Every structure is written in structure tokens, then in C-alpha cells.
Amino acid sequence: MRAVVSVIGKDQVGIIAKVTTVLSENHVNISDISQTILQDFFTMMMLIDIDDIKKLAQLKQAFEPVEKELGLKISIQREEIFQAMHRV
Amino acid sequence: MPIAYTEIQETIRMVQMEHLDVRTVTMGISLRDCIDSDFDTLKTNVFHKVTTYAKNLVTVAEQVAEEYGVPIINKRVAISPVAELLGNATVEQAVELAKTLDEAAKKVQIDFIGGYSALVHKGISKGDQILLDALPQALSETERVCASISVGTTRTGINMDAVKQMGEIIKATAELTKDNNSIGCAKLVVFCNPVEDNPFMAGAFHGAGEGEVVLSVGVSGPGVVLHALKRYPDADLGEVAEVIKKTAFKITRAGEFIGRVVAERLEVPFGIMDLSLAPTNAMNDSVAEILEEIGLECVGTHGTIAALALMNDAVKKGGAMASSYVGGLSGAFIPVSEDNGMIRGIEQGALTLPKLEAMTCVCSVGLDMIAIDGNASSHTLSAIIADEAAIGMINKKTTAVRIIPVVGKESGEVVEFGGLLGRAPIIGVNPYHSDKFIQRGGRIPAPIQALTN
């Protein structure tokens, strides 16, 4: 199962490091990654592989301190929703 | 083809900034097998059935919303029209049954249960009359029970005896809930051409042609459509329709997908997708503001009907292709108290009751969440219902009336309902009465449009 992690917030040092640390600590593999700066806002999207659905909730919790510390908004969504919306 | 990052960004923007959500997942449950000659047993059967079938509705819906990152705002239950269970009941028992439904709703943590309903568009059976007589008390003594009454259809005409009663019932309900801004009336819809699979409250019920249990979905997304239009300020109206169509397609796909996942996990068949654009009081989540974005200075002014017709049609075209089973009401809702733009329109004097009536000719559904002068007579309320039912009957569409004659308030004042129901400026009614017309009673015959065979 694949999911999309999106990170949005003010650009600053260490965002990628801290976010990916959480993923590696939870043994989650990143299969694709992209980042841009949009009007001073850092946006990063990662495609991750997840073996167990329970990990979604786990990751959400693990991201909370990072979100607070860096003032980020991190969300995780299963990939199928994007397929449903954007592909016929 | 892999998903592009711009597409992922678009979805995230729609959810986080433009209020994209699934407005409701509604489980329809048949209660026909709950009938018993002993009324206490009947009540127990109803309670047991609702709380068993809908036991996991809320948890599963929340889990799915969490996983896919699209909020599901309301989880609700629609049941068989309750009048079908009341053939041998008394009014007191009918009120008791409403309380049982209220308890069941609380137990499964849903905010509304719809289907305290009767279909009386041609005639009133014993059970129907019991339900009608019980309505004011049932609505004032329960919190989460929603009622709807069908008083007309294109096929049968309009039952004016029922229309007369509905004016009196709305008036009595307003009086019984006067300490709370006559809120009881917000849970009561009077229909012409009701649909059997509508997932939206307060008018949801599980119709006679439906199966044992089914899950239907209502999407939303006025905010998404509004933001999409803002990106094309100079487009001509053909392009405007195209933008709305494309946006409606995406919204609907998201909704249908989420609905199907919820249905699958609950092991319930997926019913229909309702394409209605349903506004909320959140900033920029307004149907009126879409019309204003299309080019009206204020909703209600000249051009409102044309803009609404364009929007409503474009939503359907986009949505119809996105969903395999379109049903329910599927059109734009124009409730007043739940739409900040509509409230503003009335406050500025641009939007009036006659204009609202005209708007219901080109969109679903009808006069919705309109607060009117508490002094309006029951006959005037009946006449408003009759007008609206006539629009539905002749145009072969659903129309509905959910008006609240707020006791003690007059035109110009504002009433706060709170929560999802919002607030509304009180609208005055026509000072001339329609008493004779309503007192005549009888049935308005089915129109020539009914003769299609």
C-alpha cells in the first residue's frame, strides 16, 4: 500500500532531515520525493510504502512534535484518493 | 499514469483551504420487519435494528476519512417512513417511537436520523394521520429525529388536505419550540416529488423501493467551485460552465470513492452518490458567493436565476460522468441560514422570498431554512407550501419547504439557530391572506405532464 506524505510550512533549515528521520525511525521506505518553494512556503511531497494500515496513525502521531517544532502542516493520505480524483 | 505533484497539491489545497469534504454518509435501513402487534416489542425491534446496523458507521467513516485525508462531516441514518409502522398505534405511541429513534441515534453517535415520515401525496392512511398528529410533539421532544412529509407528486397531483394540515403542524411545532427559536421546524421538510434515496437531512428517508440496508453519499464543495472560478475572472460563460463541470467531476470522484470504501468496510451495498452542492457557514463555502463570482453584485438581483441554472447544470454534467450511480436530490442547495452569502443577500434587501421561490425552479430543492415572521398564519404557511409543491409538480422535479415561523420575531430581526443550522434574517410574508384557497381542501389533480404512458 502506498501513501502520500505532504509537508507544508515556512522554509527553514532542517525540514527534510527531521521529517525523513521520523520515517526511517518507523522503518518506512520513501519511493519518490519532491520539494518546491512556493511564495516563501516550503512544500514537500513524498510517496511512501506502508505494509500495515496501522502505521498511518502511528506516523501521524510521530509527526506531531515535528509539526509543532517547525510550524509545519504534515498530512498523510492513501494514494488511491488521488487516483480517484485525477484519473478516469 | 503516475499522479503528478501538481495534482496532489490540488487535492490537498481543496481539502485544507477550500473546504472539500464528504458532507454525509447516510445509511438507509428498512424497518419493515420491525412491525409487531405489541408496540413495546416494535420499539425494541426498531432500536435494536438501527443500533445493530449502524453500530460501526461512525467509527468506520472516521477511519476512512483519516486514511484518505478527506473529512466526512456527517454520519447519518435514514429509515423507512415511520408512518408505515404506525397503522395501529396511538399518537402517544408515535411520540414514544420518536423518542426511541432519538435514543438509537444517540447510542450510535449520529447527529440526525431521518425518516419520521409519511407519504400522503394522494391520501392519508390511518398510520399517516397518527404520524401527522404526533409531529409537533415528536419534533419538540426529540433532538435528532428528522421528519419529512410528501404532499404532492407529478404523478398524483397535490393533496391540499395534507397541505392544509402541514401549515397547522408547522405552526404548532414553532409554538412548542418557541423557547428555542422555533427550532423544531428546522427538522421538518414538506416535499413534492420526494426521492427515496436522498442522503441529506432533514429530508432523508429509506424509500419503499430500497433494499434492506444501503449506504449513500452526499458530497459538497461550494468552496472548491468558488476558488476554481476565482482563477478565471475573465472567462466567458461557456468557460465558466466548463470550469464548474471539471471541478464537480473531481469532487464527485473523491466522494464516490470515499463512499464506496465506507460501504465496503461496513459490508453494505453502495447506493447512490448525491451531486448536490451543499453550502455551510464556513468562510467562502457558499453557493451564493459562486453566483456572485459569476458576476452578480449580490445574490438575488437580476440574473440570479440564469447564473444558478448554469451552475446547477454544470455541476450535474460533471458529476454524472464521475459517478456510476447518481441519485438523491443532485442539484445545488440554496438554504438561507446555512449560507453566509444568502444571509447577506437578504440583509441587503437583494434577495426576497419571491426570488427564492423562483430560484427553486432551476435548482434542487426548494425553500430551505428560511425564517419567516412568526405571525404568519397557518393558512399562509400552507399556501407557501402549495406554491412550492406546484413548481415541483409541473416541472417534474423535487421541491421542498423547510420554513421556520419564529414565534415572537418579525421581519428585520435575526435569529440564531446555532451549529450547522446557522442564523437567518426573518423574512416577512405577503400581507394578503389565502384562507379561502386553503380551506377549500381536496386534491389538485395530476397535471397533464403525468400522462406519459
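A single entry from B:255, B:300, B:331 fulfils the requirement of being crowded, with 22+ Cβ neighbours inside 10 Å and either closer than 24 Å to residue B:187 by Cα or among the hydroxyl-bearing types (Ser, Thr, Tyr) (or both): B:331. The residue that is surrounded by the fewest Cβ atoms within 10 Å (Cβ to Cβ), counting only those in segment B:18-54 that are without any contact (Cβ under 8 Å) to a residue 12 or more places away in the chain and outside any helix (DSSP H, G or I), is B:38.
Could you list all residues from segment B:1-17 that are under 25 Å from the mean Cα position of the chain (by Cα) and crowded, with 22+ Cβ neighbours inside 10 Å?
Residue satisfying the conditions is B:14 alone.
Give the residues of segment B:265-277 that are surrounded by 24 or more Cβ atoms within 10 Å (Cβ to Cβ) and either of a type in the set (D, E, K, R) or at pLDDT below 90 (or both), sorted by residue number. Step through it out loud before you land on a result.
So the first thing to find is which residues in segment B:265-277 are surrounded by 24 or more Cβ atoms within 10 Å (Cβ to Cβ), and the list is B:271-277.
Correct list: B:274, B:275, B:276, B:277.
Within segment A:17-43, the set of residues being at pLDDT 90 or above, within 22 Å of residue A:71 (Cα to Cα) and aliphatic (A, V, I, L, M) comprises A:17, A:19, A:22, A:23, A:33. Would you call residue B:262 surrounded by 23 or more Cβ atoms within 10 Å (Cβ to Cβ), within 14 Å of chain A (Cβ to nearest Cβ) and over 20 Å from residue B:320 (Cα atoms)? Answer is yes for this residue.
Among the residues of segment B:409-432, those that are part of a loop (DSSP other than H, G, I, E, B) and either among the aliphatic types (A, V, I, L, M) or more than 20 Å from residue B:112 (Cβ to Cβ) (or both) comprise B:409, B:410, B:411, B:412, B:413, B:426, B:428, B:429, B:430, B:431, B:432. Applying the criterion of at least 3 residues that are polar (S, T, N, Q) to the helices (runs of 4 or more DSSP H) found wholly in chain A leaves A:15-25.
Between B:241, B:172, the distinction of being in a helix (DSSP H, G or I), modelled with pLDDT of 95 or more and open to solvent by less than 30 Å² (accessible area, probe 1.4 Å) belongs to B:241 only.
Taking the criterion of being among the β-branched types (Val, Ile, Thr) and away from chain A (no Cβ under 14 Å), the residues of segment B:1-54 that qualify are B:24, B:25, B:26, B:29, B:35, B:41, B:44, B:46, B:50, B:51, B:52.
Which residues, counting only those in segment B:264-280, are under 25 Å from residue B:309 (Cβ atoms) and of a type outside the set (Ser, Thr, Tyr)? Within segment B:264-280, B:272, B:273, B:274, B:275, B:277, B:278, B:279 meet the criteria. State the number of residues belonging to segment B:379-408 that are outside any helix (DSSP H, G or I) and either surrounded by 22 or more Cβ atoms within 10 Å (Cβ to Cβ) or within 18 Å of the chain's Cα centre (by Cα) (or both). Residues that pass the stated criteria total 11. Please indicate, with yes or no, whether at least one residue in segment B:212-230 is in contact with a Cys (Cβ under 9 Å, 6 or more places away or on another chain), closer than 28 Å to residue B:31 by Cα and part of a loop (DSSP other than H, G, I, E, B). No: segment B:212-230 contains no residue that is in contact with a Cys (Cβ under 9 Å, 6 or more places away or on another chain), closer than 28 Å to residue B:31 by Cα and part of a loop (DSSP other than H, G, I, E, B). Exactly one residue out of B:115, B:127, B:87 is open to solvent by less than 40 Å² (accessible area, probe 1.4 Å), modelled with pLDDT of 95 or more and either within 14 Å of another protein chain (Cβ to nearest Cβ) or not in a helix (DSSP H, G or I) (or both), and it is B:115.
Kindly provide the set of residues from segment A:2-19 that are in contact (Cβ under 8 Å) with a residue 12 or more places away in the chain and either more than 14 Å from chain B (Cβ to nearest Cβ) or open to solvent by 80 Å² or more (accessible area, probe 1.4 Å) (or both), ordered by number.
Taking segment A:2-19 first, the residues in contact (Cβ under 8 Å) with a residue 12 or more places away in the chain are A:2-12, A:14-16, A:18-19.
Result: A:2, A:10, A:11, A:12, A:14, A:15, A:16, A:18, A:19.
The values are calculated or read from the model by the stated rules, or taken from the named source; none is laboratory data. Please read all numbers here as calculations on a predicted model, not as lab measurements. Please note: Cβ atoms are built from the backbone with ideal geometry, for glycine as well, and neighbour counts cover all protein chains shown. With ligands, DNA and RNA removed, areas are computed over all heavy atoms of the protein, side chains included. Shrake-Rupley method; radii C 1.70, N 1.55, O 1.52, S 1.80 Å.
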